Structure formats: structure tokens, C-alpha cells
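Just so you know, all these numbers are worked out from the coordinates, no wet-lab data involved. The model shown is predicted, which means the values in this text are computed figures rather than measured ones. With ideal geometry, Cβ positions are generated from the backbone for all residues, glycine too; neighbour counts draw on all protein chains shown.
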Amino acid sequence: MATAPGHRFGQIIGDLLEEATIEACRPIAAEHGFYLDYIRPRKARGGAKKVRWEDDKGNHHDLDIVIEENGTESKYGIPRAFIEVAWRRYTKHSKNKAQEISAAVTSCANRFAAESPFKGCVLAGDFTDNALMQLRSEGFSVMHFSTEEVIEAFDAVGINIIWEEDTPDDELDERVRECEALSSNELKIV
């Protein structure tokens, strides 16, 4: 099944945001001697890529980033931070995404309440004030990059990421190809 170019474009932006968040967390985890877990194969998961944690009710949640005390490649540690990353192009689903993040992270954090893990999210794009306020009111630290900031980041490497729901697929396909052709140095600039 082919991925619609608008969806693929959004995935590229979200993946870059997630990678930037991982790179920002890396020195913090290292400074404290913590293990930084993110989506990639890990021996503790039997080689599985997904970061999956069990909540206080026995449900499992796929997460983006978990920072663990005493964690290693081969064993889980005590979660000290749960961090989710999300990009939204339109506000129409931003409240749902905020609720999804809150439900997964809060229930996992509740399981480890005695350790008081940090709950955070890095969001970019179109999120309503109501969605951001909900996360903050539920104890999340929220870093939000506006759509304009994301546009400026891609403008720095000459890619126009502005699109609407009626932007032709061939135009979006071309922008996807431009993004996929970025060098590692250009990706760092973004």
C-alpha cells in the first residue's frame, strides 16, 4: 500500500523532530549515567525496535523515548523520564494527540510513582492552546515549536514545507524527494 505524499511528508518532519529530541537527551542521560532508550533494536526487548512499557493496569504502550536509571542494552532500568514527540500539520487532531500522549505516559508514570519520573513532550506544528494546556495541567513539561519555526528550519536548506489539504500530490512528492535527498549536514541544519 502506497503512503500518501502528505502523510509521508509529515513522517519526515516528525522523524527529524524525534531525532533532534534524542540528540538533545543524549548528553543529559550521559551526565547522570542513565540509559537512553528510543525506537531501535534492543537486547532487553529481544531485539524488538519498539519502546514498550507496561502501565499500572497491565496495559502496554509504545513510547518514543525513555530515560532509565541502571538500564543497559540487556536489561531494563527504572524509568526516570518518559518523553513523547509529535508533529501535527492541522489543529483538528491536536487535542486527540494530546490525550493519547497523556493517557500512555501518565499510566506508565503511575506504575513508577515512587520514583516520580519526568513526563515530557516535544511538539511541533499546529497544536491548540487547549491541547497544550491540558498536557501542562496533567504535569507534563511541554516544548512546542510553532509551524512557523518548523517552516523556518526547512527554509534554511531551501525546502518549502508549506502545504494545504488540496496541495497536489505531485508537488508534495517532489518535496518528499527533496527531503529524502538532504545530506547529513543539511539534516543537522534543519
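For Ser74, the stated conditions hold: it is touching a helix residue (DSSP H, G or I) at 6+ places or on another chain (Cβ under 6 Å) and surrounded by fewer than 13 Cβ atoms within 10 Å (Cβ to Cβ).
If you go through the range 1-50 and keep only what is out of contact with any Gly (no Cβ under 8 Å at 6 or more places or on another chain) and in a strand (DSSP E or B), you end up with Leu36, Tyr38. Beta carbons closer than 7 Å, at least 6 apart along the sequence or on distinct chains, never pair a first residue in the range 168-190 that is loosely packed, with under 13 Cβ neighbours inside 10 Å with a second that is part of a helix (DSSP H, G or I) and hydroxyl-bearing (Ser, Thr, Tyr).
Scanning the range 113-135 for residues that are touching a Ser or Thr at 6+ places or on another chain (Cβ under 7 Å) and either part of a loop (DSSP other than H, G, I, E, B) or loosely packed, with under 14 Cβ neighbours inside 10 Å (or both) yields Asp126, Phe127, Thr128. In the set Lys95, Lys119, only one residue is without any contact (Cβ under 8 Å) to a residue 60 or more places away in the chain, of a type in the set (Lys, Arg), touching a helix residue (DSSP H, G or I) at 6+ places or on another chain (Cβ under 8 Å) and over 20 Å from Asn70 (Cα atoms); that residue is Lys95.
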